[in-house]
Amino acid sequence: MLDEKLKKNIRAAADVLLQGGVVAFPTETVYGLGADAANPLALRRVFEIKGRPSDHPLIVHIGHVSLLEYWAGCIPEGAWRLAARFWPGPLTLILPRRAHVSRLVTGGQDTVGLRVPDHPVALALLRDMGVDKGLAAPSANRFGRVSPTTAEHVWAEFGEQVDVLDGGPCRVGVESTIVGFSGNAPVLLRPGGIAVPALEETLGQKISQPDAAPPSLRAPGSLASHYAPATPLEVWPAGAMGRRAWELAAQGQHVAVMELSAELPHFPGNQRLFRYPMPKRATAYAHALYATLRKIDDARFDRLLIEAPPQTANWQAVHDRLRRAATLYCSTEDQPQGNAHEEII
Ligand code: TXA
Ligand code: MG
């Protein structure tokens, strides 16, 4: 599956990592900025390159589910079930760390985030590094910005600063789902590549979602911005978005519109409005999301308007990312009041 040249590049990248270097690599979700999880200098370099606060933990990528106990102890039954069912795959488990796991990785906490990525390049890289090695890696973007889903995105973020293993565009396109445990009870910490109903089916129980109630209205500036493009971004239901688009264009603003429905009014001959039709299926939308945001940033619009997707479980990760990125987030026509409860995770 991997051609000889790529295999050679992977072996070279493994050497760089074992010698304390930092290498960006593809996963099925987004590209990661990888370092040997046991090398403090390399870990510090990741925080430095990314501009990330040091109390913000990194996920450790491992090569196989059988290595879970090397990294974590006191593993609840539910975690075993999820790992057996979804690894390799876009699921991160937060578990009590083993004593050898560096506090630099865990942001000083006693838990460690672990996942087995479902990407042949990432898995080959881990194999070449050695069985007891873990790749600590945040998404390969500057802190707070849009995650990269192609090698070109990583180059655009960091230029010559890091080596990048090119594994093509990421299949999933949004980050992994993160599940922690409070005792034995599973808790959703970040919606992501695997939707909650699939997790609950495997667990045979509900997952609690501390910040799940979809806040439909978000006041500008009240929340920490994350996953954010440079272009100011507003989320509106279809009807309101059409009106908002005309209003902004009439003010002379150049407006990009990420639309889902074909029902939006046409903008004939209006050079100030540019339409980006988005896929109607949640998985295809997620796959396209970050690349589209980057494309729109590159085109330097004054404003980006995004049509709110449906409020169903399989759109949860997309809603989460849009809410964090938006300066204004209004997802339903009736605009119920509510304060967004957000954390940068
Ligand atoms: O899909 C993904 O998860 C990608 C790819 C590269 O694997 N990685 C990713 O990493 O999104 P990052 O660092 O951008 O986001 C991971 C989040 C962090 O914000 C952190 O809050 C959370 O995972 N996390 C990691 N370890 C944790 C821990 N021990 N306790 C609580 N949260 C943790
Ligand atoms: Mg990130």
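The values are calculated or read from the model by the stated rules, or taken from the named source; none is laboratory data. This is a predicted model, so every value here is computed, not measured. Ideal geometry is used to build each Cβ from the backbone, glycine not excepted, and the neighbour counts take in all protein chains shown. To get the accessible areas, we keep the full protein, side chains included, count just its heavy atoms, and leave off ligands, DNA and RNA. Shrake-Rupley method; radii C 1.70, N 1.55, O 1.52, S 1.80 Å.
Taking the Cα centre of the stretch 37-188 as origin and charging only Cβ (+1 Lys, Arg; -1 Asp, Glu), how large is the dipole, in debye to the nearest 20?
280 debye
Tilt of helix 282-298 relative to the longest C-alpha principal axis of the chain, in degrees (0 to 90, nearest 10)?
Computed tilt is about 70 degrees.
I'd like the carbon and sulfur percentage of the solvent accessible area for the stretch 76-217, probe radius 1.4 Å, heavy atoms only, ligands and nucleic acids excluded.
Here carbon and sulfur together make up 51 percent of the probe-accessible area.
Taking the Cα centre as origin and putting +1 on Lys and Arg beta-carbons and -1 on Asp and Glu beta-carbons, what dipole magnitude results for the chain, to the nearest 20 debye?
180 debye
To the nearest 10 square angstrom, what accessible area does residue 318 show with a 1.4 Å probe?
Accessible surface of residue 318 is approximately 0 Å².
Using alpha carbons only, how many degrees (0 to 90, rounded to 10) separate the axis of helix 120-129 from the longest principal axis of the chain?
Its long axis makes an angle of about 30 degrees.
Once you order the gyration tensor axes a ≥ b ≥ c over the Cα atoms, which shape class does the stretch 1-45 get: rounded for a/c under 1.5, otherwise prolate or oblate by comparing a/b with b/c?
Oblate.
Please give me the summed charge of the neighbours of residue 73: other residues whose Cβ is under 11 Å from its Cβ, Lys and Arg +1, Asp and Glu -1.
0
Determine, from the Cβ-Cβ distance of residue 54 and residue 15 and an R0 of 30 Å, the FRET efficiency 1/(1 + (r/R0)^6), rounded to the nearest 0.05.
FRET efficiency, residue 54 to residue 15: 0.65.
By its C-alpha gyration tensor, with a ≥ b ≥ c as the square roots of the eigenvalues, how is the stretch 3-107 shaped: rounded for a/c under 1.5, else prolate for a/b larger than b/c, else oblate?
oblate
Per residue, how large is the accessible surface of the stretch 85-150? Use a 1.4 angstrom probe and give square angstrom.
Per-residue value: 34 Å².
Quick one: accessible surface of residue 49, probe radius 1.4 Å, all protein chains present, in square angstrom to the nearest 10.
Near enough 10 Å² of accessible area.
Could you order 324, 98 so the one with the most accessible surface comes first? Probe is 1.4 Å.
Largest accessible area first, the list is 98, 324.
Over the residues of the stretch 122-206, compute the C-alpha Rg and express it relative to 2.2 N^0.38 Å.
So the stretch 122-206 has a normalised radius of gyration of 1.35.
What does the charge count around residue 127 come to, taking other residues whose C-beta lies under 13 Å from its C-beta (Lys +1, Arg +1, Asp -1, Glu -1)?
So the environment of residue 127 carries a net charge of +1.
Could you state, as a whole-number percent, how many of the C-alpha pairs of the chain are farther apart than 36 Å?
The share of Cα pairs beyond 36 Å in the chain comes to 21 percent.
Only four residue types carry charge here, +1 at the Cβ of Lys and Arg and -1 at the Cβ of Asp and Glu. Report the dipole size of the stretch 66-129 about the Cα centre in Debye, rounded to the nearest 20.
60 debye
Per residue, how much accessible surface does the stretch 1-72 expose to a 1.4 Å probe? Answer in Å², no decimals.
Result: 45 Å² per residue.
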